[in-house]
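Below is one structure; the comments refer to it alone.
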Amino acid sequence: SAAEKGGFEFFMDKEIEEQPAAVAQTLLGHFDGSGIVLDELRLSEDDLRTIDKVFVVACGTAYHSGLVAKYAIEHWCRIPVEVEVASEFRYRDPVLNRDTLVVAVSQSGETADTLEALRHARRQKARVLAVCNTNGSQIPRESDAVVYIHAGPEIGVASTKAFLGMLTANYLVGLALAQARGTKYRDEIAREYEELTKIPDAIATTLTLMDPVRKLAQEISTAKAILFLGRHVGYPVALEGALKLKELAYMHAEGFAAGELKHGPIALIEEGLPVVIVTPSPVTDPLLHSKLLSNIREIQARGARTIVIAEEGDETVAPFADFLIELPKVPKLYQPLITTVPLQILAAEIARAKGFDLDKPRNLAKSVTVE
Ligand code: G6P
């Protein structure tokens, strides 16, 4: 009903606006003054300490959250992390043992492939940790440890607030592992948690900056395709931006690692093609920023329409941006919590301009409980 949607046209609109609160809820209660605490932990600190390999398994948007987690966990914990779609993982013969941690990420907690991937992992004696939004669902019930996202019920089929919640919960998992392994000092972990608690405000600010993105969406709604480029944690964001556009606007969209531009995608660049570039901070990541800047110039020189997502105050990108989206500054690893937002809005507004149902995209289900 209209009341349930709180005055918004679609649940998805409401869920996008709820994202600052969702991330705050995910963080709540996970720091007790001395360290990170998980919701349910049927593993000892010793079990966590001996983990020497992590697999993240998930489907769809949840898989993209896992790709981001890899950057954070490897950096903080010095443990190799592989991220794989559950439907591939479960039918390979992945090398697992009791020192392997398999992190199963799922909004619903009922996705068939993710559930079977975790069962496969358990049969091989691996430990399983669930990151999930639905209390008491099957995936957390069959896991050794759980971090609930607490993003609240998500009605829109295309995931938004649960995605930001997953990203946040995955960071907590990384920090908990770093704590158990001693690869980060307690005060560093406290500082990371503190930085995370500032993110909801930065998301709220981001949401106030979205009107120009809505206008842009109207203008590019008739494009044949849209490309998305990113690097480092911006790469999974590019993939997620493309997925949202496919799901909601039924538009051809591809996400690429920007460093691969010359290895194929550049052949797709043509006059007027909208290309969204997720740019890292020139301050915290000057090296990759300079690489992205040269990508943006190459794309613009070939006549494409550059839509640049950049950190506020980044003056170097402006001359090469046909459309510039400036977003609040946050620590490098946490940027996906901010840069995803304009991509959600872009997909939603293009879909709306085309007259599509944002909550129930054709052919898709909220939870895929059969193969
Ligand atoms: C379906 C939904 C996606 C979701 C994926 C994984 O495909 O349409 O939005 O990302 O399932 O769902 P899960 O509940 O496991 O996160």
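The values are calculated or read from the model by the stated rules, or taken from the named source; none is laboratory data. Please read these numbers as outputs of a predicted model, since none were measured by experiment. Cβ placement follows ideal geometry from the backbone for every residue including glycine, while neighbour counts extend to all protein chains displayed.
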Reported set for region 170-184 where residues are closer than 21 Å to His64 by Cα and of a type in the set (Val, Ile, Thr) is Val173
Within region 269-328, which residues are surrounded by fewer than 15 Cβ atoms within 10 Å (Cβ to Cβ), in contact with a strand residue (DSSP E or B) (Cβ under 7 Å, 6 or more places away or on another chain) and more than 26 Å from Leu207 (Cα to Cα)? Gly272
Can you give me the number of residues within region 130-177 that are assigned to a helix (DSSP H, G or I) and within 14 Å of the ligand (Cβ to nearest atom)? 12
Which pairs have Cβ atoms under 7 Å, sit 6 or more apart or on different chains, and link a residue in region 47-76 that is over 13 Å from Arg181 (Cα atoms) to one that is among the aromatic types (Phe, Trp, Tyr) and away from the ligand (no atom under 14 Å from the Cβ)? Ala72/Tyr171
What single numbered condition from (1) within 20 Å of Ile149 (Cβ to Cβ); (2) within 15 Å of the ligand (Cβ to nearest atom) fails to hold for Leu101? (2)
Looking at region 104-128, which of the residues that are closer than 23 Å to Arg181 by Cα and within 15 Å of the ligand (Cβ to nearest atom) is surrounded by the most Cβ atoms within 10 Å (Cβ to Cβ)? Val105
Does Ser159 fit the bill of being at pLDDT 95 or above, crowded, with 24+ Cβ neighbours inside 10 Å and within 29 Å of Val330 (Cβ to Cβ)? yes
Quick check on my filter: what residues within region 59-75 are buried (at least 22 other Cβ atoms within 10 Å of the Cβ) and away from the ligand (no atom under 11 Å from the Cβ)? Val68, Ala69, Ala72, Ile73
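May I ask you to verify whether Ala365 is touching a residue at least 40 places away in the same chain (Cβ under 8 Å), surrounded by fewer than 14 Cβ atoms within 10 Å (Cβ to Cβ) and under 23 Å from Phe8 (Cα atoms)?
Taking the combined requirement at face value, the residue satisfies it.
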